[in-house]
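Down below is the structure, laid out as structure tokens.
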């Protein structure tokens, strides 16, 4: 499908906002309801809400890419790896390369519906400043990475260590309980050669070190073409290729950590 670049971005932007609206509406209404519940029931309600919201986001973002057919996506998975992200109830982690904001939209849409309620993604704190998206992420219960720098301070990777340790432990506990923990180990979007990985940050790798998990990887090319680094909105016509594979079915048995 041949679509002019500006038209593709405009249409994609409208579709992206519309795709967030159902989950945002549920999150806002649910927040009002939770205020009326006692503490123990509120916690249970928020857990159910988080699982519901992430399924809703997955479905809406699948529809987003279906409608925006000028962003072509080809997914490849190695034979013999089993279902993507493993069986429900089994601890797993997913690590992805990071070249564009589109990565964060595309990756959740790939999650199997039976597994998507278990997924939690580490998200930079400044992303929680984005309207609509912030309410949805907080409703899901996504953990914030407390970077000290601002969104434009690309050279500052320092975090509030004590707060990060608390959030990382909660993230690890979620995985140990049978969840899926996902993150971009490069930390920031790649501003160099998109085909060469940046140095991985060690922090979240404490999870597969502490817990025996399946390790899944997702490598994407072309996301930075559809949503360039300096562009406010993505949706430029592009062909995106993704390869997903299971690195190991046991981070401990294979001696990864």
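Here, each number is a calculation from the coordinates, and none is a lab measurement. None of the values given here were measured: they were computed from a predicted structure. Reconstructed Cβ throughout: ideal geometry from the backbone, glycine too, with neighbour counts over all protein chains shown.
Quick notes on this one:
- Estimated inter-spin distance, residue 44 and residue 209, nm [label 7 Å along Cα→Cβ]: 3.7
- Contact order normalised by residue count of the stretch 14-125, Cα under 8 Å, 6+ apart, percent: 35
- Residues 186, 199, 79, 214, sorted so that the one with the fewest Cβ neighbours within 10 Å comes first: 79, 199, 186, 214
- The simple Förster model, with R0 at 35 Å and r as the Cβ-Cβ distance, assigns residue 14 and residue 129 a FRET efficiency of 0.95.
- Proxy reagent accessibility, fewest Cβ within 10 Å first, across 109, 34, 177: 177, 34, 109
- Distance-filtered residues of the stretch 68-89 - backbone nitrogen under 16 Å, label point 7 angstrom along residue 239 Cα→Cβ: 69-76
- For the pair residue 51 and residue 37 in one chain, pulling the backbone fully straight at 0.36 nm per residue adds 3.2 nm over the alpha carbon distance.
- Option label - Cα extents along the principal axes in Å computed here, alternatives [x] 50, 41, 35; [y] 58, 38, 33; [z] 51, 48, 39: [z]
- Shape class for the stretch 92-210, computed from the alpha carbon gyration tensor (a ≥ b ≥ c): rounded, with a/c under 1.5.
- Rh by Kirkwood over Cα pairs, then Stokes-Einstein D for the stretch 27-97 at 1.002 mPa s and 20 °C, µm²/s: 136
- Relative contact order, percent, the stretch 152-243 [alpha-carbon distance under 8 Å, six or more residues apart]: 20
- Its residue count N sets the reference 2.2 N^0.38 Å, and the alpha-carbon radius of gyration of the stretch 197-249 equals 1.52 times that reference.
- For the chain, the relative contact order comes to 29 percent (Cα pairs under 8 Å, sequence separation of at least 6).
- Gyration tensor (alpha-carbon) shape descriptor, the stretch 1-121, a/c threshold 1.5: oblate
- Where labels lie 7 Å past Cα in the beta-carbon direction, separation of residue 6 and residue 62 in nm: 3.5
- Full extension of the segment from residue 195 to residue 173, taken as 0.36 nm per residue of separation minus the current Cα-Cα distance, would add 4.6 nm.
- Per-residue ellipticity at 222 nm, computed for the chain from helices alone with -39500 (n - 2.57) per DSSP H run of at least four residues, works out to -13000 deg cm²/dmol.
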